[in-house]
Amino acid sequence: MTIKQQLLQICNEHVEKRIADYKNEIEMIKESIESNDKGSSEDDDSGNGKLLNDLEKNMGYLNDARKTQDYLKLVKANLLTTTAALGSLVKTDSLHFFISISVGKIQLNDQDYYAISLQSPIGQLLKQKSIGDTFEFNGTKYTINDVT
């Protein structure tokens with residue numbers, strides 16, 4: 001398996017875990033709402049109000065995670081290009097970036113990689129750059145050594 005395939009797999013696992021966590025949280029909230037409904041014959045909805053708010057919030061997070069998962073399907077690990085694009089592995093003089101989704105630092109084979117989104121500030125700087133190009137981010141200047 002290539003480094004890009006391994007990085008893509010790690011990104012997929014990250015999103016799948018987020019989706020599973022949100023589903024579990026939603027189930028727990030639903031169970032709490034049901035037990036509150038059964039145990040309370042009073043007109044006190046204050047507990048359920050917060051739970052419903054939490055439920056709505058987690059449903060939104062789950063929806064966002066699913067959208068991220070769909071977007072990740074667009075990333076092609078076998079992409080061959082000379083300019084930075086979705087699915088590229090960009091190696092600079094100091095850092096390595098995998099353009100996919102925003103996961104952050106991934107350690108693989110004793111090397112640090114940063115999974116970033118094209119929509120992120122650094123992703124926007126990398127977009128369409130090629131070997132030899134330079135860019136500056138947070139006061140640090142980077143030179144691109146390789147794009148695969």
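Structure values in brief
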quantity: Conditions (1) in contact with a helix residue (DSSP H, G or I) (Cβ under 9 Å, 6 or more places away or on another chain); (2) farther than 23 Å from residue 23 by Cα; (3) at pLDDT 95 or above; number of the one not met by residue 130; calculated: (1)
quantity: Selection status of residue 36, open to solvent by 40 Å² or more (accessible area, probe 1.4 Å), part of a helix (DSSP H, G or I) and either in contact with a Pro (Cβ under 9 Å, 6 or more places away or on another chain) or modelled with pLDDT of 95 or more (or both); calculated: no
quantity: Condition met for residue 54 (touching an Asp or Glu at 6+ places or on another chain (Cβ under 9 Å) and of a type in the set (Asp, Glu)); calculated: yes
quantity: Subset of the stretch 103-117 [buried (at least 16 other Cβ atoms within 10 Å of the Cβ) and either in contact with a Phe, Trp or Tyr (Cβ under 6 Å, 6 or more places away or on another chain) or without any contact (Cβ under 8 Å) to a residue 24 or more places away in the chain (or both)]; calculated: 106, 113, 114, 115, 116, 117
quantity: Some residue of the stretch 74-88 being buried (at least 17 other Cβ atoms within 10 Å of the Cβ) and among the hydroxyl-bearing types (Ser, Thr, Tyr); calculated: yes
quantity: All positions within the stretch 58-101 that are under 16 Å from the mean Cα position of the chain (by Cα), closer than 15 Å to residue 125 by Cα, free of Cβ contacts under 8 Å to residues at least 60 places away in the same chain and in a loop (DSSP other than H, G, I, E, B); calculated: 86
quantity: Total residues in the stretch 120-143, condition closer than 18 Å to residue 81 by Cβ, open to solvent by 60 Å² or more (accessible area, probe 1.4 Å) and not in a helix (DSSP H, G or I); calculated: 3
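The values are calculated or read from the model by the stated rules, or taken from the named source; none is laboratory data. Bear in mind the structure is a predicted one, so any value in this text is a computation, not a measurement. For neighbour counting, all protein chains shown are included, and Cβ atoms are generated from backbone atoms with ideal geometry for every residue, glycine included. Please note that ligands, DNA and RNA were not included when accessible areas were found on the heavy atoms of the full protein model with its side chains. Shrake-Rupley method; radii C 1.70, N 1.55, O 1.52, S 1.80 Å.
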